[in-house]
1. Taking helices (runs of 4 or more DSSP H) that do not extend beyond the range 204-276, which have at least 3 residues that are within 32 Å of the chain's Cα centre (by Cα) and under 21 Å from residue 145 (Cα atoms)?
2. If you scan the range 79-109, which residues turn out to be of a type in the set (D, E, K, R) and either part of a helix (DSSP H, G or I) or surrounded by fewer than 23 Cβ atoms within 10 Å (Cβ to Cβ) (or both)?
3. Taking the options 367, 348, 354, name whichever one is buried (at least 18 other Cβ atoms within 10 Å of the Cβ) and either among the hydroxyl-bearing types (Ser, Thr, Tyr) or modelled with pLDDT under 90 (or both).
4. Out of the residues in the range 412-460 that are assigned to a loop (DSSP other than H, G, I, E, B), touching a residue at least 60 places away in the same chain (Cβ under 8 Å) and farther than 18 Å from residue 630 by Cα, which is farthest from the chain's Cα centre (by Cα)?
5. Hey, any hits in the range 551-563 for a residue that's modelled with pLDDT of 95 or more, touching a Leu at 6+ places or on another chain (Cβ under 9 Å), assigned to a helix (DSSP H, G or I) and within 17 Å of residue 482 (Cβ to Cβ)?
6. Which number in (1) free of Cβ contacts under 8 Å to residues at least 12 places away in the same chain; (2) closer than 30 Å to residue 125 by Cβ; (3) outside any helix (DSSP H, G or I) marks the one condition that residue 189 misses?
7. So, of the residues in the range 575-598 that are surrounded by fewer than 16 Cβ atoms within 10 Å (Cβ to Cβ) and small (Gly, Ala, Ser), which turns out to be farthest from residue 614 (Cα to Cα)?
8. Of the residues that make up the range 406-416, is at least one modelled with pLDDT of 90 or more and within 30 Å of residue 662 (Cα to Cα)?
Amino acid sequence: MSTERSARNLALVGPNGAGKTTLLESMLFVSGALPRKGRVADGSTVGDHAPEARARQMSTEPTPATFNANGARLTVIDCPGSVEFIHDTRAVLAGVDAAVVVVEPVLERMVAVAPLLHFLDEIHLPHLIFVNKMDRSEVRWRDLLAGLRSVSQRPVVPHLYAIGRGEDLAGYIDLVDETAWHFNTGAAADEMPMPEEYRDREAQARQEMLEALADFDDELLEQILEDKPVDPATVLRDLAQGLSADRVVPVLLGVAERDMGVRRLLRAIIEEAPAPETSAERLGIAPEGPPLAQVLKTYHVPHAGKLSLARVWRGPLKDGAQFGGVRVSGLFEVTGAKSETIAETQSGTIVGLGRMEGVQTGDVLGGSEGESRHLLSMAPPQPMYAFALHAKDRNDEVKLSAAFQKLSEEDPAIRMDLDPETRETILWGQGEMHLRVALDRLRQKYRLDLETHSPRTPYRETIRAGTQAHGRHKKQTGGHGQFADVKIEIQPRERGGGFNFANKIVGGAVPKQFIPAVEDGAREWLARGPLGFPVVDVEVTLHDGQFHSVDSSELAFKLATGLALKEGLPHCQPVLLEPILAISISVPSDYTSKALALISSRRGQVLGYEAKADWPGWDEITANMPQAESHDLVLQLRSMTQGVGFFTWIVDHLDEVPERLTRDIAAQASAATA
């Protein structure tokens, strides 16, 4: 197997606004891949090149960039920071060698990175942290490290130590070789004498770093115990081994906007991040065998068609290769919106595959039988938010299905359903921003203008009491007429009992051939009860009736049954039911009281809460909540938890709607069908 041994594949991840796109731009600039840097505010960066991203000045999909730096071939993928696009980020993380977690130097914002760090630990992906925007923070470096340690399950190991802070940020001390460096805006740092006032701080920080590394290196531990000097080569070796094994999390710092610390970050990536063959070995991928690739992201590119961004786990891979009968129609090196055609690529690269029809994000291509089980598979997260939608122009309805198929290929976390009860087309996603971006793509790429509103709640109704009802349908026209007469008993059933039909006709009052028509008529009429919603948990018993030997028919008995139910149901004390969700809300413990209040404010019932397993400092709350109150729950939950709160849900049962709300809901249903 030929491998790109000097290659590294990285994902830039972190909370929204941390500066990932600016960092990628700086990486490209300082490595010479860009003659001039773009700016997010100007919409001129390599990342965030999509119209919907530039309009919002935030990443809305992963953007790859492949370039040379210090003799290595790097592919760096700038991933969205918003939790609403988390599936795209997770799909990319399945195929990279390591992640660079970009954070801001704000203690209050450290909680925002906790779910991401937890996920990286869960999938055992090596990761390091780059603290960006250090010129905007007055927080002491050791306090920032303490904040990171509070949200990381892996030991946080400082690689550098900041000299100064905020506007007085002067440079850093490299704890590997104990050298001091002075920052220069837009240029490489210069070595400088170690500031005297930092000698003790540096020594303490380096000792802490060595002790963390010594937990995994007995030789280093012996040197520390014997108070022997530790040479930089040993430190660098242990950092690389610790990072590759996902045992430690090195921390670097800088200011990407001013190119400060970016060169040192690139050096750390090349020297310490795991090589492609190391990642393949970690996942149990054999070095020899047929080509093996994994699709990390799907794009539909204007005028070029479908492009599948894929990690080549085992090569070589050539243009025109076949994967299960699907031909690679073009092999590309992708940087932002630009794609450069290549003829062949080796193991350990991330490339674009052209026009792989039928291939989806997450698909494993090629390899031997059963090899796909070694690779991470990222199922789309449960949807949290929904719009009901329809095309402004009815003629566009036929285009919607085909356009959505392409949209869902690009973003599998988007789902579209047709609600069989409300007859609404429902667009599901992770939040309002997620769905707004999807609507923008449908408009810009496929010329579809859609109108949206909140989905209707699928209410039900049932009855509290029983009654006897009589229905007669009689109509005389020229020729045969229509006649049917039924007497029924309507009774409530236990909650969840559904519909039941019973036949107690004796003596042939209603002929056997018309009995099924009575049941069908009851089912059809119960689809809309006196309050305007389907009736459930009801038993209808046919106990008497009349027929005419010539004029009776199945249709006549259906209509007579409907008349009987129309007469009888309003006398059965009809009551409105609403679906109740069983939800499980996860929040940092500092926000637990707010989350409890949020549940109560939405007619929810808290069932209990406890510490969330394997999530230090987090709580998990279980509750029941009416579906009607949950539509924008995720928006308010994220707003009060710095975007990190999340929940899972299932429809659990039906319960009565409070009487004060029933009239308004019934009136709205009546108006909607008027």
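1. 232-244, 262-272
2. Within the range 79-109, 84, 88, 90, 104, 108, 109 meet the criteria.
3. The conditions single out 367.
4. The qualifying residue farthest from the chain's Cα centre (by Cα) is 421.
5. Yes: one or more hits.
6. (1)
7. Result: 597.
8. Checked the range 406-416: at least one residue is modelled with pLDDT of 90 or more and within 30 Å of residue 662 (Cα to Cα).
The values are calculated or read from the model by the stated rules, or taken from the named source; none is laboratory data. Please read these numbers as outputs of a predicted model, since none were measured by experiment. Glycine also receives a Cβ, built like all others from the backbone with ideal geometry; neighbour counts cover every protein chain displayed.
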